[in-house]
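Colleague: The following block contains the structure, expressed as structure tokens.
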Amino acid sequence: MPSTFENPSSDKSVLEGSGDFTPRFDANGLVTAVVTDARDGELLMVGHMNAEALSLTIETGVAHYWSRSRKALWKKGETSGNLQSVVEMRTDCDQDAVWIKVSVAGHDATCHTGRRSCFYRTVEAVDGKAKVTISADAPVFDPDEIYGKTK
């Protein structure tokens, strides 16, 4: 697999059909990655990939992302042991986002909080204000033990 991608076609029939994968990176050089569990379809996380992260993911079969906050390439699960093995990758109709179905190793957790999914809170209107409430499973591992004391 090449480490660089061809420029996306402006021809809709080429872009929307079968053929070369020519992702359309945004102004920051990123595509959005929606990540679900291949086993049950649960939404695990949303991340971003630059060309290097996308190439490494395709080449190795292990999910890599670009951390916007750290401004660094990041192999998901490298520290925690919760590596994401790619089962299937899809792209949307204009190739500016990917959907990655993964199998998670280790604790079967994706979130740095120790939970299976990063989407563990519900947003609701309470007394005219938006509030978040934890609505999903408790953490399956202690992040302080894995990543060191965070507070």
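A short reminder: the numbers here are calculations on the coordinates, not readings from a lab. It should be emphasised that the depicted structure is a prediction, and the values quoted were computed from it without experimental measurement. All Cβ positions, even for glycine, are placed from backbone atoms using ideal geometry, and neighbour counts span all protein chains on display.
Colleague: Taking segment 76-131, which residues are surrounded by 14 or more Cβ atoms within 10 Å (Cβ to Cβ), among the polar types (S, T, N, Q) and in contact with an Asp or Glu (Cβ under 8 Å, 6 or more places away or on another chain)?
Modeller: ASN82, SER117
Colleague: Could you please let me know if ASP96 is of a type in the set (D, E, K, R), touching a Phe, Trp or Tyr at 6+ places or on another chain (Cβ under 8 Å) and without any contact (Cβ under 8 Å) to a residue 12 or more places away in the chain?
Modeller: no
Colleague: May I ask you to list the residues in segment 1-50 that are part of a strand (DSSP E or B) and among the acidic types (Asp, Glu)?
Modeller: The first filter runs over segment 1-50 and keeps only residues part of a strand (DSSP E or B), leaving 31-37, 43-49.
Residue satisfying the conditions is ASP37 alone.
Colleague: Please go through segment 51-103 and pick out each residue that is of a type in the set (D, E, K, R) and either in a loop (DSSP other than H, G, I, E, B) or under 18 Å from TYR147 (Cβ atoms) (or both).
Modeller: Correct list: ARG68, ARG70, LYS71, LYS75, LYS76, GLU78, ASP92, ASP94, ASP96.
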